[in-house]
1. Can you tell me how the range 22-155 classifies by the Cα gyration tensor, rounded, prolate or oblate, using a/c under 1.5 as the rounded cut?
2. How would you classify the range 78-148 from its alpha-carbon gyration tensor, with a ≥ b ≥ c the square roots of the eigenvalues: rounded for a/c under 1.5, else prolate if a/b is greater than b/c, otherwise oblate?
3. For 124, 113, 138, what's the fewest-to-most ordering of other Cβ within 10 Å of each Cβ?
4. Given a Förster distance of 30 Å, report the FRET efficiency between residue 62 and residue 95 from their Cβ-Cβ distance, rounded to the nearest 0.05.
5. For the range 113-155, what does the alpha-carbon gyration tensor say about shape, rounded, prolate or oblate, given a ≥ b ≥ c as the root eigenvalues, a/c under 1.5 as rounded, and a/b over b/c as prolate?
6. Quickly work out the residue 124-to-residue 144 label distance, labels modelled 7 Å from Cα along the C-beta direction, and quote it in nm with one decimal.
Ligand SMILES: [Zn+2]
């Protein structure tokens, strides 16, 4: 993976200076910007760091999304880059609230990668690692409440 990132760095015409945001797969671009807006509105300062957010069908069976930190120590705080991979939109085609479920996975991984937020056991929360938030008891999602539970009140 590091090799791929290095190739991108070397061939990307300076695509990843520290002041720029990540490469964003078009399928999830809008979720990224919404997350940044919501985090900022709640007092979190998110410095843009280089990274990649991509869509990939070939995740392990037990993962809908993954946040990888890529850096010297492989710890989020010291990450030089991050890589978020999520399943593609159509992988959630069986769900009644397909848009929300797909978005939930992206926002969950952004929480890990951009803010270092850990998992919670609370049900119907973005950072719950189980898939209980895909169930009808959590639907339809109240996104303002979900963001408040995850990121705090709006300032
Ligand atoms: Zn997680």
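Since every read-out is calculated from the coordinates, none of them should be taken as a lab result. On a predicted model such as this, the values are computed, not experimentally measured, just so you know. Virtual Cβ from ideal backbone geometry, glycine too; neighbours counted across all protein chains shown.
1. Values: a/c = 1.59, a/b = 1.16, b/c = 1.37.
Since a/c reaches 1.5 but b/c is at least a/b, the shape of the range 22-155 is classed as oblate.
2. Numbers: a/c = 2.21, a/b = 1.36, b/c = 1.63.
Since a/c reaches 1.5 but b/c is at least a/b, the shape of the range 78-148 is classed as oblate.
3. Numbers: 124 16, 113 24, 138 19.
Fewest-to-most ranking of 124, 113, 138: 124, 138, 113.
4. Plugging the Cβ-Cβ distance into 1/(1 + (r/R0)^6) gives 0.95.
5. Numbers: a/c = 2.47, a/b = 1.25, b/c = 1.98.
Here the range 113-155 falls in the oblate category.
6. Each label point is offset 7 Å from its Cα along the Cβ direction, giving 1.6 nm.
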